Amino acid sequence: MSYDVHAIRKEFPILHQQIHGRPLVYLDNAATAHKPLAVIQAITDFYTKDNANVHRGVHTLSQRSTDAMEAVRTAVCAHINAREVAEIIFTRGITDSINTVAFGMGALLQPHQNVVITALEHHSNIVPWQMLCERTGAALRYIPMNDKGELDLSTLEVLVDENTAMVAFNHISNALGTINPVKTILSRAKAVGAWTLVDGAQSGPHALVDVQDWDVDFFTLSSHKMYGPTGLGVLYGKRERLELLPPYQGGGEMIATVTMEKSTYADIPHKFEAGTPHIEGIIGFGAALDYINTVGVDAIAAHEAALLDYATTTLSTIDGFRIIGTAENKASVISFLVEGTHPYDLGVLLDQQGVAVRTGQHCTQPIMDQFCIAGTARASFAMYNTFEEIDLFKAALERAVTMLR
Ligand code: C6P
(Lines give C-alpha, C1' and ligand atoms only; values in the text may rest on other atoms or scores of the structure.)
Protein backbone atom coordinates (compact mmCIF):
# COMPACT_ATOMS: atom_id res chain seq x y z
CA MET A 1 0.00 0.00 0.00
CA SER A 2 1.27 3.49 -0.77
CA TYR A 3 2.04 5.86 2.08
CA ASP A 4 -1.09 7.95 2.73
CA VAL A 5 0.24 11.03 4.49
CA HIS A 6 -3.13 12.78 4.33
CA ALA A 7 -4.82 9.91 6.17
CA ILE A 8 -2.03 10.06 8.76
CA ARG A 9 -2.47 13.82 9.20
CA LYS A 10 -6.14 13.31 10.05
CA GLU A 11 -4.99 11.42 13.15
CA PHE A 12 -3.09 14.46 14.49
CA PRO A 13 -5.63 17.13 15.53
CA ILE A 14 -3.03 19.72 16.51
CA LEU A 15 -1.82 20.02 12.91
CA HIS A 16 -5.13 21.46 11.75
CA GLN A 17 -4.84 25.02 12.98
CA GLN A 18 -3.73 28.44 11.81
CA ILE A 19 -0.78 30.26 13.33
CA HIS A 20 -0.77 34.02 12.69
CA GLY A 21 -3.44 33.42 10.03
CA ARG A 22 -1.43 30.78 8.15
CA PRO A 23 -1.73 26.99 8.23
CA LEU A 24 0.66 25.49 10.78
CA VAL A 25 3.73 23.88 9.20
CA TYR A 26 5.33 22.03 12.09
CA LEU A 27 9.00 21.26 11.42
CA ASP A 28 10.29 20.98 14.99
CA ASN A 29 9.85 17.24 15.36
CA ALA A 30 13.36 16.56 16.65
CA ALA A 31 12.41 18.64 19.70
CA THR A 32 9.09 16.88 20.19
CA ALA A 33 6.58 15.20 17.90
CA HIS A 34 2.81 15.61 18.02
CA LYS A 35 0.40 13.02 19.37
CA PRO A 36 -2.09 11.00 17.34
CA LEU A 37 -5.70 10.58 18.48
CA ALA A 38 -4.89 7.03 19.60
CA VAL A 39 -2.49 8.41 22.23
CA ILE A 40 -4.85 11.17 23.38
CA GLN A 41 -7.70 8.64 23.58
CA ALA A 42 -5.62 6.10 25.53
CA ILE A 43 -4.81 8.73 28.16
CA THR A 44 -8.44 9.89 28.33
CA ASP A 45 -9.63 6.28 28.66
CA PHE A 46 -7.12 5.62 31.41
CA TYR A 47 -8.35 8.57 33.49
CA THR A 48 -11.99 7.89 32.62
CA LYS A 49 -11.98 4.19 33.46
CA ASP A 50 -8.86 2.78 35.10
CA ASN A 51 -6.89 5.39 37.04
CA ALA A 52 -5.19 3.97 40.15
CA ASN A 53 -1.68 3.59 41.47
CA VAL A 54 0.23 0.55 40.20
CA HIS A 55 1.78 -2.42 42.03
CA ARG A 56 0.18 -1.19 45.23
CA GLY A 57 -3.43 -2.32 45.44
CA VAL A 58 -5.49 -5.48 45.38
CA HIS A 59 -8.48 -3.56 44.12
CA THR A 60 -9.69 -3.83 40.54
CA LEU A 61 -8.62 -0.41 39.32
CA SER A 62 -5.09 -0.91 40.62
CA GLN A 63 -4.94 -4.30 38.93
CA ARG A 64 -6.14 -2.80 35.66
CA SER A 65 -3.62 0.06 35.81
CA THR A 66 -0.82 -2.34 36.66
CA ASP A 67 -1.74 -4.71 33.85
CA ALA A 68 -1.99 -1.85 31.34
CA MET A 69 1.39 -0.45 32.38
CA GLU A 70 3.12 -3.83 32.35
CA ALA A 71 1.64 -4.59 28.91
CA VAL A 72 3.53 -1.54 27.64
CA ARG A 73 6.76 -2.82 29.19
CA THR A 74 6.21 -6.04 27.25
CA ALA A 75 5.49 -4.06 24.05
CA VAL A 76 8.71 -2.03 24.45
CA CYS A 77 10.65 -5.25 25.05
CA ALA A 78 9.31 -6.66 21.78
CA HIS A 79 9.82 -3.37 19.91
CA ILE A 80 13.57 -3.29 20.57
CA ASN A 81 13.93 -7.07 20.82
CA ALA A 82 15.24 -7.12 24.39
CA ARG A 83 15.88 -10.55 25.90
CA GLU A 84 13.47 -10.09 28.80
CA VAL A 85 10.88 -7.66 30.06
CA ALA A 86 12.81 -6.97 33.28
CA GLU A 87 15.48 -5.25 31.18
CA ILE A 88 13.04 -2.41 30.34
CA ILE A 89 13.06 0.46 32.85
CA PHE A 90 10.73 3.43 32.64
CA THR A 91 12.47 6.74 33.30
CA ARG A 92 11.64 10.43 32.94
CA GLY A 93 13.38 10.66 29.55
CA ILE A 94 16.71 10.21 27.83
CA THR A 95 18.36 12.60 30.26
CA ASP A 96 17.15 10.58 33.24
CA SER A 97 18.15 7.29 31.56
CA ILE A 98 21.73 8.43 30.95
CA ASN A 99 22.04 9.92 34.43
CA THR A 100 20.85 6.61 35.90
CA VAL A 101 23.70 4.77 34.22
CA ALA A 102 26.34 7.46 34.80
CA PHE A 103 25.43 7.80 38.47
CA GLY A 104 25.46 4.04 38.99
CA MET A 105 28.86 3.71 37.36
CA GLY A 106 30.27 6.01 40.05
CA ALA A 107 30.43 2.96 42.31
CA LEU A 108 32.34 0.94 39.70
CA LEU A 109 34.71 3.31 37.90
CA GLN A 110 38.41 3.53 38.85
CA PRO A 111 40.54 6.68 38.46
CA HIS A 112 42.82 5.06 35.86
CA GLN A 113 39.84 4.30 33.61
CA ASN A 114 38.22 6.47 30.95
CA VAL A 115 34.82 7.13 29.39
CA VAL A 116 34.56 7.78 25.64
CA ILE A 117 31.82 9.91 24.08
CA THR A 118 31.77 11.74 20.74
CA ALA A 119 31.93 15.31 19.46
CA LEU A 120 28.36 14.88 18.22
CA GLU A 121 26.55 14.49 21.54
CA HIS A 122 23.57 16.26 23.06
CA HIS A 123 24.41 17.88 26.42
CA SER A 124 22.56 15.05 28.15
CA ASN A 125 25.19 12.61 26.89
CA ILE A 126 28.08 14.90 27.90
CA VAL A 127 27.30 16.45 31.26
CA PRO A 128 26.43 13.24 33.21
CA TRP A 129 29.76 11.71 32.09
CA GLN A 130 31.63 14.88 33.03
CA MET A 131 30.03 14.69 36.47
CA LEU A 132 30.95 11.00 36.75
CA CYS A 133 34.56 11.66 35.75
CA GLU A 134 34.82 14.58 38.17
CA ARG A 135 33.58 12.33 40.99
CA THR A 136 35.82 9.37 40.21
CA GLY A 137 38.96 10.92 38.68
CA ALA A 138 38.45 8.97 35.45
CA ALA A 139 39.24 10.69 32.14
CA LEU A 140 36.63 11.78 29.59
CA ARG A 141 37.61 11.38 25.94
CA TYR A 142 35.70 12.13 22.79
CA ILE A 143 35.78 10.86 19.22
CA PRO A 144 36.20 13.93 16.97
CA MET A 145 34.10 14.78 13.92
CA ASN A 146 34.98 16.18 10.51
CA ASP A 147 33.57 19.24 8.73
CA LYS A 148 30.65 17.25 7.34
CA GLY A 149 29.57 16.31 10.85
CA GLU A 150 30.72 12.69 10.57
CA LEU A 151 32.71 10.97 13.29
CA ASP A 152 36.40 10.50 12.57
CA LEU A 153 36.79 6.81 13.31
CA SER A 154 40.51 6.76 12.53
CA THR A 155 40.94 7.70 16.20
CA LEU A 156 38.76 4.88 17.52
CA GLU A 157 41.51 2.33 18.27
CA VAL A 158 43.57 4.86 20.20
CA LEU A 159 40.73 6.48 22.13
CA VAL A 160 38.96 3.27 23.08
CA ASP A 161 41.62 1.27 24.90
CA GLU A 162 41.88 -1.38 27.62
CA ASN A 163 41.13 1.26 30.27
CA THR A 164 37.86 2.33 28.67
CA ALA A 165 34.96 1.58 30.97
CA MET A 166 32.16 3.04 28.85
CA VAL A 167 31.60 4.14 25.26
CA ALA A 168 28.43 6.28 25.02
CA PHE A 169 27.16 7.91 21.83
CA ASN A 170 24.01 8.75 19.94
CA HIS A 171 22.56 6.79 17.05
CA ILE A 172 21.42 9.95 15.25
CA SER A 173 22.59 13.49 15.98
CA ASN A 174 19.74 15.85 16.88
CA ALA A 175 21.70 18.90 15.72
CA LEU A 176 23.00 17.68 12.36
CA GLY A 177 21.04 14.51 11.55
CA THR A 178 24.18 12.40 11.15
CA ILE A 179 23.48 8.67 11.45
CA ASN A 180 26.44 7.19 13.28
CA PRO A 181 28.10 3.86 12.42
CA VAL A 182 26.81 2.17 15.55
CA LYS A 183 28.11 -1.35 14.91
CA THR A 184 31.66 -0.21 14.12
CA ILE A 185 31.89 1.73 17.38
CA LEU A 186 30.25 -1.03 19.42
CA SER A 187 32.60 -3.59 17.95
CA ARG A 188 35.70 -1.65 19.07
CA ALA A 189 34.19 -1.12 22.54
CA LYS A 190 33.46 -4.83 22.88
CA ALA A 191 36.97 -5.76 21.73
CA VAL A 192 38.39 -3.98 24.80
CA GLY A 193 35.62 -5.08 27.18
CA ALA A 194 34.08 -1.62 27.62
CA TRP A 195 30.41 -1.13 28.43
CA THR A 196 28.31 0.61 25.80
CA LEU A 197 25.36 2.99 25.75
CA VAL A 198 23.49 4.23 22.68
CA ASP A 199 21.27 7.31 22.94
CA GLY A 200 18.29 6.54 20.72
CA ALA A 201 16.46 9.87 21.20
CA GLN A 202 16.46 10.64 17.51
CA SER A 203 16.37 7.13 16.10
CA GLY A 204 13.33 5.91 18.05
CA PRO A 205 10.79 7.53 15.72
CA HIS A 206 12.65 6.72 12.50
CA ALA A 207 14.43 3.39 12.81
CA LEU A 208 13.89 -0.08 14.21
CA VAL A 209 16.62 -1.01 16.65
CA ASP A 210 17.37 -4.58 17.70
CA VAL A 211 19.37 -4.36 20.92
CA GLN A 212 20.37 -8.03 20.79
CA ASP A 213 21.63 -7.71 17.23
CA TRP A 214 23.67 -4.68 18.31
CA ASP A 215 24.67 -6.45 21.52
CA VAL A 216 24.61 -3.05 23.23
CA ASP A 217 24.64 -2.83 27.05
CA PHE A 218 22.33 0.17 27.40
CA PHE A 219 19.92 1.82 24.98
CA THR A 220 17.61 4.76 25.62
CA LEU A 221 14.37 5.97 24.05
CA SER A 222 12.26 9.07 24.53
CA SER A 223 8.47 8.76 24.41
CA HIS A 224 7.73 12.32 23.36
CA LYS A 225 9.89 12.10 20.25
CA MET A 226 8.03 8.91 19.30
CA TYR A 227 4.57 10.54 19.28
CA GLY A 228 3.97 9.66 22.95
CA PRO A 229 3.68 11.81 26.09
CA THR A 230 6.46 13.97 27.54
CA GLY A 231 8.20 13.16 30.81
CA LEU A 232 8.76 9.52 29.92
CA GLY A 233 11.71 7.57 28.62
CA VAL A 234 13.00 4.03 28.47
CA LEU A 235 16.30 2.68 29.67
CA TYR A 236 17.11 -0.74 28.28
CA GLY A 237 19.98 -2.49 30.03
CA LYS A 238 21.32 -6.01 29.89
CA ARG A 239 20.34 -7.84 33.07
CA GLU A 240 23.93 -8.52 34.11
CA ARG A 241 24.82 -4.81 33.81
CA LEU A 242 21.69 -3.54 35.58
CA GLU A 243 22.28 -5.93 38.44
CA LEU A 244 25.74 -4.48 38.98
CA LEU A 245 24.57 -0.84 38.95
CA PRO A 246 23.42 0.67 42.24
CA PRO A 247 20.12 2.59 41.97
CA TYR A 248 20.14 6.32 41.35
CA GLN A 249 17.14 7.15 43.54
CA GLY A 250 15.70 5.57 46.68
CA GLY A 251 12.05 5.46 47.67
CA GLY A 252 8.87 3.47 47.47
CA GLU A 253 8.52 0.36 45.29
CA MET A 254 12.27 0.03 44.56
CA ILE A 255 12.94 -1.87 47.77
CA ALA A 256 12.80 -5.49 48.94
CA THR A 257 13.00 -4.70 52.69
CA VAL A 258 13.34 -1.51 54.73
CA THR A 259 14.31 -1.22 58.38
CA MET A 260 15.33 1.96 60.13
CA GLU A 261 18.94 0.82 59.77
CA LYS A 262 19.15 -0.54 56.24
CA SER A 263 17.26 -1.31 53.04
CA THR A 264 17.65 -3.95 50.39
CA TYR A 265 16.59 -3.36 46.83
CA ALA A 266 13.98 -5.00 44.63
CA ASP A 267 14.99 -6.90 41.52
CA ILE A 268 15.19 -5.16 38.15
CA PRO A 269 13.36 -3.31 36.73
CA HIS A 270 11.79 -2.05 39.97
CA LYS A 271 15.17 -1.29 41.57
CA PHE A 272 15.39 1.68 39.17
CA GLU A 273 11.78 2.83 39.40
CA ALA A 274 11.46 4.61 42.75
CA GLY A 275 8.15 6.32 43.43
CA THR A 276 4.87 6.36 41.54
CA PRO A 277 5.68 6.07 37.84
CA HIS A 278 4.30 8.21 35.01
CA ILE A 279 1.43 5.73 34.53
CA GLU A 280 -0.62 7.78 32.09
CA GLY A 281 2.54 8.51 30.10
CA ILE A 282 3.42 4.85 29.88
CA ILE A 283 -0.07 3.98 28.70
CA GLY A 284 0.02 6.78 26.13
CA PHE A 285 3.44 5.58 24.99
CA GLY A 286 2.01 2.10 24.48
CA ALA A 287 -0.60 3.59 22.15
CA ALA A 288 2.13 5.56 20.34
CA LEU A 289 4.17 2.41 19.79
CA ASP A 290 1.11 0.61 18.40
CA TYR A 291 0.48 3.56 16.11
CA ILE A 292 4.08 3.69 14.82
CA ASN A 293 4.04 -0.04 14.21
CA THR A 294 0.72 0.13 12.38
CA VAL A 295 2.02 2.80 9.99
CA GLY A 296 5.31 0.88 9.82
CA VAL A 297 8.71 2.21 10.91
CA ASP A 298 10.25 1.37 7.52
CA ALA A 299 7.47 3.20 5.68
CA ILE A 300 7.91 6.23 7.96
CA ALA A 301 11.68 6.21 7.40
CA ALA A 302 11.24 6.01 3.61
CA HIS A 303 8.77 8.92 3.63
CA GLU A 304 11.08 11.04 5.77
CA ALA A 305 14.09 10.21 3.58
CA ALA A 306 12.14 11.44 0.54
CA LEU A 307 11.22 14.65 2.40
CA LEU A 308 14.86 15.15 3.37
CA ASP A 309 16.03 14.75 -0.23
CA TYR A 310 13.38 17.09 -1.56
CA ALA A 311 13.99 19.73 1.11
CA THR A 312 17.77 19.57 0.69
CA THR A 313 17.48 20.10 -3.06
CA THR A 314 14.81 22.75 -3.02
CA LEU A 315 16.19 24.84 -0.15
CA SER A 316 19.68 24.79 -1.60
CA THR A 317 18.48 27.05 -4.42
CA ILE A 318 18.00 29.90 -1.91
CA ASP A 319 20.80 32.42 -2.23
CA GLY A 320 23.26 32.10 0.68
CA PHE A 321 21.61 28.95 2.09
CA ARG A 322 24.13 26.73 3.91
CA ILE A 323 23.48 23.37 5.51
CA ILE A 324 25.46 22.60 8.66
CA GLY A 325 25.95 18.84 8.74
CA THR A 326 26.31 17.18 5.35
CA ALA A 327 27.05 13.60 6.35
CA GLU A 328 26.59 10.90 3.72
CA ASN A 329 24.28 9.02 6.04
CA LYS A 330 21.68 11.47 7.35
CA ALA A 331 18.27 11.41 9.02
CA SER A 332 15.50 13.93 8.38
CA VAL A 333 17.10 16.96 10.02
CA ILE A 334 18.32 20.08 8.21
CA SER A 335 20.34 22.51 10.30
CA PHE A 336 20.97 25.65 8.31
CA LEU A 337 22.16 29.21 8.10
CA VAL A 338 21.35 31.84 5.50
CA GLU A 339 24.06 34.36 4.75
CA GLY A 340 23.34 37.85 6.10
CA THR A 341 20.68 36.66 8.58
CA HIS A 342 20.61 35.44 12.17
CA PRO A 343 18.92 32.07 12.85
CA TYR A 344 16.86 33.56 15.67
CA ASP A 345 15.43 36.25 13.35
CA LEU A 346 14.68 33.57 10.77
CA GLY A 347 12.86 31.54 13.42
CA VAL A 348 10.71 34.51 14.46
CA LEU A 349 9.84 35.49 10.88
CA LEU A 350 9.07 31.88 9.95
CA ASP A 351 6.74 31.63 12.94
CA GLN A 352 4.95 34.79 11.77
CA GLN A 353 4.17 32.78 8.62
CA GLY A 354 3.02 29.64 10.46
CA VAL A 355 6.28 27.67 10.15
CA ALA A 356 7.74 26.17 13.34
CA VAL A 357 11.49 25.45 13.35
CA ARG A 358 13.95 25.37 16.22
CA THR A 359 16.76 27.91 16.48
CA GLY A 360 19.87 28.05 18.66
CA GLN A 361 22.41 25.49 19.82
CA HIS A 362 19.99 22.55 20.11
CA CYS A 363 21.64 21.55 23.42
CA THR A 364 24.83 20.80 21.48
CA GLN A 365 27.13 23.73 22.17
CA PRO A 366 30.36 21.82 21.38
CA ILE A 367 29.06 21.09 17.87
CA MET A 368 28.29 24.75 17.29
CA ASP A 369 31.71 25.69 18.69
CA GLN A 370 33.44 23.35 16.24
CA PHE A 371 31.65 25.03 13.33
CA CYS A 372 32.49 28.44 14.90
CA ILE A 373 28.82 29.47 14.84
CA ALA A 374 26.45 30.65 17.57
CA GLY A 375 23.68 28.33 16.43
CA THR A 376 21.52 27.31 13.49
CA ALA A 377 17.91 27.16 12.43
CA ARG A 378 16.77 23.55 12.27
CA ALA A 379 13.94 21.92 10.35
CA SER A 380 13.16 18.32 11.28
CA PHE A 381 10.56 16.15 9.59
CA ALA A 382 8.14 13.55 10.89
CA MET A 383 5.73 10.98 9.49
CA TYR A 384 2.98 13.58 8.94
CA ASN A 385 4.97 16.20 7.01
CA THR A 386 4.25 16.74 3.32
CA PHE A 387 6.09 17.94 0.24
CA GLU A 388 3.62 20.85 0.04
CA GLU A 389 4.73 21.92 3.51
CA ILE A 390 8.32 22.02 2.33
CA ASP A 391 7.23 24.31 -0.51
CA LEU A 392 5.45 26.55 2.03
CA PHE A 393 8.56 26.49 4.22
CA LYS A 394 10.79 27.48 1.32
CA ALA A 395 8.50 30.36 0.30
CA ALA A 396 8.33 31.57 3.90
CA LEU A 397 12.10 31.35 4.26
CA GLU A 398 12.63 33.35 1.08
CA ARG A 399 10.28 36.06 2.36
CA ALA A 400 12.07 36.11 5.73
CA VAL A 401 15.47 36.43 4.06
CA THR A 402 14.25 39.29 1.84
CA MET A 403 12.96 41.15 4.90
CA LEU A 404 16.22 40.67 6.80
CA ARG A 405 18.69 41.59 4.10
N1 C6P B 1 16.67 16.81 21.92
C2 C6P B 1 16.06 18.65 20.46
O3 C6P B 1 15.40 19.65 20.17
P4 C6P B 1 15.06 14.48 26.80
O5 C6P B 1 14.99 15.98 26.90
O6 C6P B 1 15.64 13.89 28.03
O7 C6P B 1 13.77 13.86 26.38
O8 C6P B 1 16.06 14.19 25.58
C9 C6P B 1 17.35 14.70 25.57
C10 C6P B 1 18.05 14.35 24.29
C11 C6P B 1 19.12 13.47 24.32
N12 C6P B 1 19.75 13.08 23.21
C13 C6P B 1 19.39 13.52 22.00
C14 C6P B 1 20.11 13.04 20.78
C15 C6P B 1 18.32 14.42 21.89
O16 C6P B 1 17.94 14.85 20.69
C17 C6P B 1 17.64 14.87 23.06
C18 C6P B 1 16.55 15.89 22.98
C19 C6P B 1 15.69 17.84 21.67
O20 C6P B 1 17.00 18.28 19.76
C21 C6P B 1 15.44 18.72 22.86
S22 C6P B 1 16.88 19.50 23.46
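The values are calculated or read from the model by the stated rules, or taken from the named source; none is laboratory data. Not measured: the values here are computed from a predicted model. Methodologically, a virtual Cβ is constructed for each residue, glycine included, from the backbone with ideal geometry; neighbour enumeration extends over all protein chains shown. SASA here: full protein model, heavy atoms, side chains in, ligands and nucleic acids out. Shrake-Rupley method; radii C 1.70, N 1.55, O 1.52, S 1.80 Å.
The table below lists the values:
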| read-out | value |
| --- | --- |
| Percent of beta bridges antiparallel (DSSP, the stretch 183-311, rounded to nearest 5) | 75 |
| Overall dimensions of the stretch 43-102 by Cα: Rg and Dmax, Å | 13.6, 38 |
| Overall form of the stretch 179-244 per C-alpha gyration tensor (a/c, 1.5; a/b vs b/c) | oblate |
| Fraction of beta bridges assigned by DSSP in the chain that are antiparallel (%, nearest 5) | 60 |
| Chain lengthening between Q249 and N51 when straightened (0.36 nm per residue, less Cα-Cα) | 68.8 nm |
| Å² of accessible area per residue within the stretch 40-293, as computed with a 1.4 Å probe and no ligands counted | 39 |
| Candidates G204, G137, G104: whichever shows maximal mean-square fluctuation once the chain is modelled as a Gaussian network with Cα springs under 10 Å | G137 |
| Estimated distance in nm for a label pair at A207 and V348, the labels positioned 7 Å out from Cα along Cα-to-Cβ | 3.7 |
| Under 19 Å from K49, Cα to Cα: aspartates and glutamates that are on another chain or at least 8 residues apart | D67, E70, E280 |
| Accessible surface, 1.4 Å probe, highest first, among residues K183, K262, K394, K190 | K262, K183, K190, K394 |
| Computed over the chain, Cα set: Rg, Dmax in Å | 21.9, 70 |
| Cα gyration tensor, the stretch 188-344 - rounded (a/c under 1.5), prolate or oblate | prolate |
| E389, E280, reordered so the largest accessible area comes first (probe 1.4 Å) | E280, E389 |
| Neighbour-limited loop hits for trypsin sites (Lys or Arg not before Pro), the stretch 51-89 (at most 12 other Cβ within 10 Å; DSSP other than H, G, I, E, B) | R83 |
| Helix-only CD estimate at 222 nm, as mean residue ellipticity for the chain, using -39500 (n - 2.57) per DSSP H run (n ≥ 4) | -11000 deg cm²/dmol |
| Those aspartates and glutamates that a straight Cα-Cα span of less than 16 Å connects to K262, excepting residues fewer than 8 apart in one chain | E253 |
| Taking the chain and dividing mean pair separation by its residue count, relative contact order in percent (alpha carbons under 8 Å, at least six apart) | 23 |
| Loop sites in the stretch 24-124: GluC sites (Glu not before Pro), DSSP, at most 15 other Cβ within 10 Å | E84 |
| Anisotropy class of the stretch 342-405 from Cα gyration tensor, a/c 1.5 cut | oblate |
| Sequence of C133, C372 when ordered by accessible area, the most exposed leading, probe 1.4 angstrom | C372, C133 |
| Length gained when the stretch R405-D391 is fully extended (0.36 nm per residue, less Cα-Cα span) | 2.9 nm |
| Accessible area of the chain belonging to carbon and sulfur atoms, whole % at 1.4 Å probe | 54 |
| Greater than 20 Å apart at Cα, pairs in K183/K330; K35/K225; K148/K330; K238/K271; K190/K271 | K190/K271 |
